[in-house]
Structure formats: C-alpha cells, structure tokens
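Novice: One structure coming up, written as structure tokens, with questions to follow.
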Amino acid sequence: MKMRTPFAYLCVSGSCFLGHNAVMVVAERLCAALWLAVLLSFAAVAIVGYLLHSLFTFKQPLSLCAFSRYTFSMLLNIPLTFATTWFWYHWLGLPMPAAAPLASLCMIALNFLLSRWAISTSERNKAVHI
C-alpha cells in the first residue's frame, strides 16, 4: 500500500471532519436527537470518506470488500462520536459548533489507523494469492 502523502490524508480527513460537523450542527439546529445526528453523519461521511481515501490517500481501486471493511471499521465511530459529543455538548454544556469539532479531534488517530487497515487489507490479500 502506498500512501500518497500525509497531506492527502489530512485533506480527505479534513473534508470528512467538515462534513461530519456540518451534519451535526444542522441536525442540532433542526432539533434532531443526538443519536440521529450521529447516524446521519455516519452514513454521509462513510461513503465520502471511503471514496476519497481509496482514490486519493491510499491509491487503491474501489471494491465492495474494501468498502465493507471500511464501513465496518468506521462503525466504531458511532459510539465514540456519541460519547465524545455527549461529553462536550451535554456534560460540559458547550454549544454544538464547539462540541462536534472537539469530539472529532478526539478521534483523528483512531480513524487513520482504521482507514489504513480497511483499505490496504485488500492489497495485502492480493499479494498473498499471487
């Protein structure tokens, strides 16, 4: 697996970060429950994140198997996002425009490791079968 550059990861992750936070803030403004906001954000960001990381960050072909692994690994974000957002938003009382980005920052390293595992596993499997 070749990672194009750390800059590519930061750009794609930044896009996902902005998308997630936009969904969270808009959902809160529409009085959606926190769990619903997290699920809506997950659906949008998992699809966009997989496409962008595959094509730009890790330079891997798109595949249903890799998308499934990526989506499964990103499922860990649902309870983590809920817990960290709840902490900043409900427990500390910060407004959502501050709470959502703080929660996202708490999860950057985990997301890098999970993305790399999910997308690059298919390349390692191909090397074993050759």
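The values are calculated or read from the model by the stated rules, or taken from the named source; none is laboratory data. Fair warning: this is a prediction, and the values are worked out from it, not measured in the lab. Cβ coordinates were reconstructed from backbone atoms using ideal geometry, including for glycine residues, and neighbour counts include every protein chain displayed.
Novice: From the list 67, 112, which one is within 18 Å of residue 9 (Cα to Cα), more than 11 Å from the chain's Cα centre (by Cα) and part of a helix (DSSP H, G or I)?
Specialist: On the way: 112 fails: more than 11 Å from the chain's Cα centre (by Cα).
The unique qualifying residue is 67.
Novice: Right, next: Residue check: is residue 41 under 15 Å from residue 114 (Cα atoms), of a type in the set (Gly, Ala, Ser), in a helix (DSSP H, G or I) and under 13 Å from the mean Cα position of the chain (by Cα)?
Specialist: On the way: under 15 Å from residue 114 (Cα atoms): no; of a type in the set (Gly, Ala, Ser): yes; in a helix (DSSP H, G or I): yes; under 13 Å from the mean Cα position of the chain (by Cα): yes.
No, not satisfied.
Novice: OK, next. Looking at residue 32, is it part of a helix (DSSP H, G or I) and farther than 14 Å from residue 104 by Cα? Break it down stepwise before answering.
Specialist: Values: part of a helix (DSSP H, G or I): no; farther than 14 Å from residue 104 by Cα: yes.
So residue 32 does not fit the description; no.
Novice: Only one of 67, 82 is modelled with pLDDT of 95 or more, surrounded by 13 or more Cβ atoms within 10 Å (Cβ to Cβ) and not basic (Lys, Arg). Can you tell me which?
Specialist: Sole residue among the options that is modelled with pLDDT of 95 or more, surrounded by 13 or more Cβ atoms within 10 Å (Cβ to Cβ) and not basic (Lys, Arg): 67.
Novice: Another one. Among the residues of the range 90-101, are any surrounded by 15 or more Cβ atoms within 10 Å (Cβ to Cβ), within 25 Å of residue 7 (Cβ to Cβ) and out of contact with any helix residue (DSSP H, G or I) (no Cβ under 8 Å at 6 or more places or on another chain)?
Specialist: No; the residues of the range 90-101 include none that is surrounded by 15 or more Cβ atoms within 10 Å (Cβ to Cβ), within 25 Å of residue 7 (Cβ to Cβ) and out of contact with any helix residue (DSSP H, G or I) (no Cβ under 8 Å at 6 or more places or on another chain).
Novice: Let me spell it out: the conditions are (1) surrounded by 14 or more Cβ atoms within 10 Å (Cβ to Cβ); (2) in contact (Cβ under 8 Å) with a residue 12 or more places away in the chain, and residue 35 meets all of them except one. Which number is the exception?
Specialist: (1)
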